[in-house]
Amino acid sequence: MPHVTKRDMTKWLIAAVALAVPQFTPAKAPAAESLHRELRIMATVGNEARVYAHLRLTPGCGQGAIPKMTVIKPPSIGKLSSRVETVTMTDPNFGPCGAGATATGRVVYYTADRPGTDAFVYRTSSPGLPSVTWSVNAEVR
């Protein structure tokens, strides 16, 4: 029988524990979810048309983060702008925060240079929430 030292026993014990303990790999965060919405708007040449008011509220209906806006595809016969404004909810089905809830949000506007049809795409995002891609078709008179 070979001579086994205390040091050999320690190595074997460490190796046995390493084999017995499951190895955990940290879970990867899921890819950011993205939603898509389509809108149709009517606009008049030279006048600002409100496209949509983007608002984020906390679970208790308080002020949430103001969404950021990124233009993905600009309009071809007009221009987009956005402003941070006070927004009053009109949707009665927005979870616990029904119609009448008010907070600061981002409002998107479109101004057409000439009559015709136009299309543009933009994305809104807020920390901790899925981004939303907005495809908008505009009829301009």
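A few comments on the model shown:
- Breaking point among (1) assigned to a loop (DSSP other than H, G, I, E, B); (2) modelled with pLDDT of 95 or more, for I41: (1)
- Scan of the range 88-141 for residues that are over 11 Å from P75 (Cβ atoms) and small (G, A, S), ordered by number: G95, G98, A99, G100, A101, A103, G105, S125, S126, G128, S131, S135
- Here V136 qualifies as buried (at least 17 other Cβ atoms within 10 Å of the Cβ), touching a Leu at 6+ places or on another chain (Cβ under 7 Å), modelled with pLDDT of 95 or more and closer than 16 Å to Y52 by Cβ.
- Search result, residues across the range 52-92 that are of a type in the set (A, V, I, L, M) and either surrounded by 14 or more Cβ atoms within 10 Å (Cβ to Cβ) or within 13 Å of R106 (Cβ to Cβ) (or both): A53, L55, L57, A65, I66, M69, V71, I77, L80, V84, V87, M89
- Qualifying positions in the range 109-123 - exposed (fewer than 14 other Cβ atoms within 10 Å of the Cβ) and either of a type in the set (K, R) or touching a Phe, Trp or Tyr at 6+ places or on another chain (Cβ under 6 Å) (or both): R114
- Residue ID - surrounded by the fewest Cβ atoms within 10 Å (Cβ to Cβ), chosen from residues in the range 98-108 that are of a type outside the set (V, I, T) and within 19 Å of the chain's Cα centre (by Cα): A103
The values are calculated or read from the model by the stated rules, or taken from the named source; none is laboratory data. Note that the structure is predicted; figures quoted are calculated from it, not measured. Methodologically, a virtual Cβ is constructed for each residue, glycine included, from the backbone with ideal geometry; neighbour enumeration extends over all protein chains shown.
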